[in-house]
Amino acid sequence: MHMADLGDVRLHYRIDGPDDGAPVVFVNSLGTDMRLWDPILSMLPAGLRILRFDKRGHGLSTCPPAPYSMGQLVSDCEQMMDMHGFKDAMFVGLSIGGMIAQGLAVKRLDLMRAMVLSNTGAKIGTKEMWADRIQDVNTGGIEKLADAVMDRWFSRDFHHGVELELWRNMLTRQDDEGYAGCSAAISGTDFFTTTAKLRLPTLGIAGSEDGSTPPDVVRETVDLIPGSRFHLIRKAGHLPCVEQPEEYACVLTDFMVATRHI
């Protein structure tokens with residue numbers, strides 16, 4: 001395990017693969033840690049240099065006082081990539097990770113060769129919706145939201161399996177203040193204008209049963225970027241890399257080949 005000291009926060013991170021491998025950065029969703037990507041990593045092409053980290057207030061990273069801004073989360077990622085030499089990388093962001101991707105592409109396009117916007121949007125939800133969730137977390141902890149989150153995260157079929165408990169446990173063991181802080185960052189973000197100015201290879205991935213960022217939200221976002229692609233994964237909710245890892249890894253690999261990243 002490694003920790004990166006960024007001043008106001010220390011982030012838990014992991015780098016896999018050779019130093020000269022094609023750089024890929026994975027940034028996960030609200031309420032999860034870097035283990036979100038475990039189901040797909042062994043299915044990706046060999047020789048990639050992969051950076052993952054736990055956002056502030058998540059996983060084994062420290063938890064500064066909430067609220068957070070999207071600018072802070074983008075800066076955290078920017079510093080991690082600069083610190084470890086990740087330039088001209090493929091960036092795979094899921095949910096809030098996809099928002100971070102959009103913000104970073106506008107700020108530091110030199111860091112990104114291509115972008116995967118998975119189960120995300122230029123804007124997610126409303127300020128009122130996020131205010132209610134933050135209030136619920138502040139009064140009853142993440143546990144108060146957990147069942148409703150599972151309904152949004154996963155398809156009906158997945159709810160009948162034993163693995164649901166693993167992901168529910170991951171959610172409820174995140175820091176309440178970290179969850180609320182990142183929720184505030186999402187609440188204050190609207191990237192429609194800035195994302196529409198981006199010009200880089202972009203792939204959108206959506207889950208057919210996603211209750212957090214339905215397919216239309218993802219498609220509307222990637223359509224802002226000329227030449228972008230869109231892929232719908234069926235029988236999957238908000239975390240298709242968990243429910244349909246083979247298809248997810250295949251789609252990423254095809255995009256890497258198409259953008260000559262491998």
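Would it be correct to say that A196 is touching a residue at least 12 places away in the same chain (Cβ under 8 Å) and over 16 Å from the mean Cα position of the chain (by Cα)? Criteria met by A196. Name the residues in the stretch 25-43 that are over 13 Å from Y13 (Cα atoms) and surrounded by fewer than 21 Cβ atoms within 10 Å (Cβ to Cβ), would you? Residues satisfying the conditions are D38, P39, L41, S42, M43. Within the stretch 129-143, the set of residues being under 28 Å from A236 (Cβ atoms) and outside any loop (DSSP other than H, G, I, E, B) comprises M129, W130, D132, R133, I134, D136, V137, I142, E143.
With respect to R199, is the statement that it is among the charged types (D, E, K, R) and either crowded, with 16+ Cβ neighbours inside 10 Å or within 17 Å of N119 (Cβ to Cβ) (or both) true? Working first, answer last.
Numbers: among the charged types (D, E, K, R): yes; either crowded, with 16+ Cβ neighbours inside 10 Å or within 17 Å of N119 (Cβ to Cβ) (or both): no.
So R199 does not fit the description; no.
For the stretch 184-220, the tally of residues that are closer than 27 Å to M256 by Cα, aliphatic (A, V, I, L, M) and out of contact with any strand residue (DSSP E or B) (no Cβ under 9 Å at 6 or more places or on another chain) stands at 1. If only residues of the stretch 136-170 that are without any contact (Cβ under 8 Å) to a residue 40 or more places away in the chain and polar (S, T, N, Q) are counted, the one that is surrounded by the most Cβ atoms within 10 Å (Cβ to Cβ) is N169. For the stretch 107-128, the set of residues classified as in a helix (DSSP H, G or I) and either touching a residue at least 24 places away in the same chain (Cβ under 8 Å) or within 14 Å of the chain's Cα centre (by Cα) (or both) consists of K107, L109, L111, K127, listed by residue number. Restricted to the stretch 148-262, the set of helices (runs of 4 or more DSSP H) holding at least 1 residues that are more than 30 Å from D8 (Cα to Cα) and either in contact with an Asp or Glu (Cβ under 6 Å, 6 or more places away or on another chain) or among the basic types (K, R) (or both) comprises 215-222.
Condition check ((1) under 18 Å from the mean Cα position of the chain (by Cα); (2) surrounded by fewer than 18 Cβ atoms within 10 Å (Cβ to Cβ); (3) touching a residue at least 24 places away in the same chain (Cβ under 8 Å)) across all residues:
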| position | (1), (2), (3) |
| --- | --- |
| Y179 | yes, no, yes |
| A184 | yes, no, yes |
| I205 | yes, no, yes |
| S208 | yes, yes, yes |
| H238 | yes, no, yes |
| E243 | yes, no, yes |
| T253 | yes, yes, yes |
| A258 | no, yes, yes |
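Pairing each residue of the stretch 1-17 that is crowded, with 18+ Cβ neighbours inside 10 Å with any residue that is of a type in the set (G, A, S), provided the two are 6+ apart or on different chains, yields C-beta distances under 6 Å for L11/A4; L11/S61; H12/G59; H12/S61; Y13/A4. Might you check whether a residue that is modelled with pLDDT of 95 or more, surrounded by fewer than 20 Cβ atoms within 10 Å (Cβ to Cβ) and over 30 Å from R229 (Cβ atoms) occurs anywhere in the stretch 113-128? Yes, the stretch 113-128 has at least one match. For the residues K87, K55, the requirement of being of a type in the set (K, R), under 25 Å from L171 (Cβ atoms) and at pLDDT 95 or above singles out K55.
Is it true that R133 is closer than 25 Å to G21 by Cβ, in contact with a Ser or Thr (Cβ under 9 Å, 6 or more places away or on another chain) and either in contact (Cβ under 8 Å) with a residue 12 or more places away in the chain or aliphatic (A, V, I, L, M) (or both)? Outline the logic, then answer.
Numbers: closer than 25 Å to G21 by Cβ: no; in contact with a Ser or Thr (Cβ under 9 Å, 6 or more places away or on another chain): yes; either in contact (Cβ under 8 Å) with a residue 12 or more places away in the chain or aliphatic (A, V, I, L, M) (or both): yes.
Answer is no for this residue.
Quick one: would you say M83 is surrounded by fewer than 18 Cβ atoms within 10 Å (Cβ to Cβ), closer than 25 Å to L166 by Cβ, touching a residue at least 40 places away in the same chain (Cβ under 8 Å) and not polar (S, T, N, Q)? Write out each step before concluding.
Values: surrounded by fewer than 18 Cβ atoms within 10 Å (Cβ to Cβ): yes; closer than 25 Å to L166 by Cβ: no; touching a residue at least 40 places away in the same chain (Cβ under 8 Å): yes; not polar (S, T, N, Q): yes.
Answer is no for this residue.
Mind checking whether some residue in the stretch 211-221 is touching a Pro at 6+ places or on another chain (Cβ under 9 Å) and either surrounded by 18 or more Cβ atoms within 10 Å (Cβ to Cβ) or not β-branched (V, I, T) (or both)?
Taking the stretch 211-221 first, the residues touching a Pro at 6+ places or on another chain (Cβ under 9 Å) are none.
Within the stretch 211-221, not a single residue is touching a Pro at 6+ places or on another chain (Cβ under 9 Å) and either surrounded by 18 or more Cβ atoms within 10 Å (Cβ to Cβ) or not β-branched (V, I, T) (or both).
The values are calculated or read from the model by the stated rules, or taken from the named source; none is laboratory data. This one's a predicted model, so the numbers in the text were calculated from it and none came from an experiment. Positions of Cβ are backbone-derived with ideal geometry, glycine not excepted, and every protein chain shown enters the neighbour counts.
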